[in-house]
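The values are calculated or read from the model by the stated rules, or taken from the named source; none is laboratory data. Note that this is a predicted model, so its numbers are computed, not measured. Neighbour counts are summed over all protein chains in view; Cβ atoms, including those assigned to glycine, are modelled from backbone coordinates with ideal geometry.
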Amino acid sequence: MQKTASFLLLLLIVSACQKNKNSEKELIKKADWLIGNWETKTNIGTLSENWKKVNDSTFKAQSLFIKEKDTIHNESILLQQKGEFLTYTATIKGQNDDKPIIFQLKEDVENELIFENLKNDYPQKISYKKSANNSLITQISGLQLGKPSAEKYIMIKIK
């Protein structure tokens, strides 16, 4: 009887650990729709983001804003799930001494991810929203020089 109880307890612990391990990656799975190449053209230039899946807990992207032949914005992005937290880490060449800035997932509603870092100078909020017809809306917002500011881009999936 004691062996049976011990075996059942062990089975329960293994099952709980396996369930926790599987649920750990649920947040990043909700962002699978980001994978691919996205682009928008503005009167200033072309903004592109190229998202790739590194493994079951990490996506990475390169974001470029190109005006004619000049790259005026070059950003590396890591989307990582560690335990129950999903982080968005941006490293922008020529800003913040090239050090990464980390944003935490604040809200995850259907087809939308909202990240925040209230200590960052600008932006304090970054959002991605899946839209119809293979498009997404990305927005950065917050206080800039003490005034509310926001930039919104509608990007089309090109690959």
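Between Asn96, Asn55, the distinction of being closer than 17 Å to Lys119 by Cβ and surrounded by fewer than 15 Cβ atoms within 10 Å (Cβ to Cβ) belongs to Asn96 only.
Reported count of residues in the range 103-135, each being among the polar types (S, T, N, Q) and touching a Leu at 6+ places or on another chain (Cβ under 7 Å), is 2.
Note on the range 33-76: enclosed strands (runs of 3 or more DSSP E) holding 1 or more residues that are in contact with a Leu (Cβ under 7 Å, 6 or more places away or on another chain) and among the β-branched types (Val, Ile, Thr) are 36-41, 58-67. Answer yes or no: is there a residue in the range 34-42 that is modelled with pLDDT under 95 and within 28 Å of Gly94 (Cβ to Cβ). Yes, the range 34-42 has at least one match.
Would you pick out the residues in the range 122-149 that are in contact with a helix residue (DSSP H, G or I) (Cβ under 9 Å, 6 or more places away or on another chain) and not hydrophobic (A, V, I, L, M, F, W, C)? Hits for the range 122-149 are Tyr128, Lys130. Within this structure, Leu118 fails the test of being surrounded by 15 or more Cβ atoms within 10 Å (Cβ to Cβ) and modelled with pLDDT of 95 or more. Of the strands (runs of 3 or more DSSP E) lying entirely inside the range 116-159, the ones with 2 or more residues being basic (Lys, Arg) are found at 125-131, 147-157. Filtered by the rule that a residue be within 14 Å of Ile28 (Cα to Cα) and free of Cβ contacts under 8 Å to residues at least 40 places away in the same chain, the range 100-133 gives Gln104, Lys106, Glu107, Val109, Glu110, Glu112, Ile114, Phe115.
Among the residues of the range 72-90, are any at pLDDT below 95, of a type in the set (S, T, N, Q) and either loosely packed, with under 14 Cβ neighbours inside 10 Å or closer than 20 Å to Asn37 by Cα (or both)? Checking the range 72-90: not a single residue is at pLDDT below 95, of a type in the set (S, T, N, Q) and either loosely packed, with under 14 Cβ neighbours inside 10 Å or closer than 20 Å to Asn37 by Cα (or both).
Tell me whether the range 134-144 contains one or more residues that are in contact (Cβ under 8 Å) with a residue 12 or more places away in the chain, more than 23 Å from Thr40 (Cβ to Cβ), in contact with a Ser or Thr (Cβ under 9 Å, 6 or more places away or on another chain) and surrounded by fewer than 17 Cβ atoms within 10 Å (Cβ to Cβ). Among the residues of the range 134-144, at least one is in contact (Cβ under 8 Å) with a residue 12 or more places away in the chain, more than 23 Å from Thr40 (Cβ to Cβ), in contact with a Ser or Thr (Cβ under 9 Å, 6 or more places away or on another chain) and surrounded by fewer than 17 Cβ atoms within 10 Å (Cβ to Cβ), which makes the answer yes.
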